[in-house]
Amino acid sequence: PLQKKRVCSFLWTYYGYPTATYEGINVEASRYKCGAMLAKEDVDLDLKLQWEDASLEIFAPILSTSDNERGLCVLFGDENCDILITGDLSSLGEKILLAEKDIPELTALVAGHHGSKNSTCRELLQATEPKYVFISAGKDNYYGHPHPDVLNRLEEFGCFVYRTDRQGTIIFRR
C-alpha cells in the first residue's frame, strides 16, 4: 500500500501576475509550514531511496509564451529507470527541452498536455525511445484527449500506452 507523506516543500512557477491560485498557494504553504519556492532555474536532487540512489531533475520553465509553456518538467532517474514528465509543453517546448537538456532514453514518459495533438512530438519520441507512455486524461473530457494523432505516433514508436481515462489510476512498479 502507498503511504502518505507530509509535503515539506513546494516548487512552482509564477506567471508574472498575482492570481487567486498564487495567493492560495502562499496561504496553504504558510499554514502547513512548508516552503514555497519559485523555480527560476533548474533544481537537481540526489535521492536516497530505500533500495538505491536516484536523482530528480526539475527543469525550470523553458518558454514564457503561455501558461502551458511555463510549467515545470521533471526527470527521475535511477540505475534501472528514467521517467520524464513534460507537463503541458507544446512540441516547440519539447524540442527546446531536448536541445538544452541531457535527456536519456526513457523507460517511461508521461505524455504531454494530457495527450494533446500539439504535444508528445515525434522528435521527443525518437530521441528518448520510451517503452511505456502514460496519458493522464479524464474520461469523456471536453477536449477529446488523448488526440488520435498522438495515439498513432505512440503506436508507430511501439510504446505500451496506459491511459487514466480507460484504466483509472496508474501505478508504475518495476
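For segment 78-130, a tally of residues being among the polar types (S, T, N, Q) and surrounded by fewer than 19 Cβ atoms within 10 Å (Cβ to Cβ) returns 4.
Looking for whichever is of a type outside the set (A, V, I, L, M, F, W, C), at pLDDT 75 or above and on the phi > 0 side of the Ramachandran plot here; the options are 87, 93. Which one fits? None of the other options fit; the residue is 87.
Residue by residue through segment 131-174, note down the ones that are open to solvent by less than 100 Å² (accessible area, probe 1.4 Å) and without any contact (Cβ under 8 Å) to a residue 24 or more places away in the chain.
In the first step, residues of segment 131-174 are kept if they are open to solvent by less than 100 Å² (accessible area, probe 1.4 Å); the result is 132-138, 141, 144-154, 157-159, 161-165, 168, 170-172.
If the condition is that a residue be open to solvent by less than 100 Å² (accessible area, probe 1.4 Å) and without any contact (Cβ under 8 Å) to a residue 24 or more places away in the chain, then 144, 148, 152, 158, 168 are the ones that fit.
Take segment 27-77 and flag every residue that is β-branched (Val, Ile, Thr), open to solvent by 70 Å² or more (accessible area, probe 1.4 Å) and at pLDDT 80 or above. Outline the logic, then answer.
Of the residues in segment 27-77, the ones β-branched (Val, Ile, Thr) are 27, 43, 58, 62, 65, 74.
Remaining after also requiring open to solvent by 70 Å² or more (accessible area, probe 1.4 Å): 27, 65.
Correct list: 27 only.
The values are calculated or read from the model by the stated rules, or taken from the named source; none is laboratory data. Predicted model only: the values in this text are computed from it and were never measured. Here Cβ is always computed from backbone atoms with ideal geometry, including for glycine, and neighbour counts include all displayed protein chains. For accessibility, only protein heavy atoms count, side chains too; no ligands or nucleic acids. Shrake-Rupley method; radii C 1.70, N 1.55, O 1.52, S 1.80 Å.
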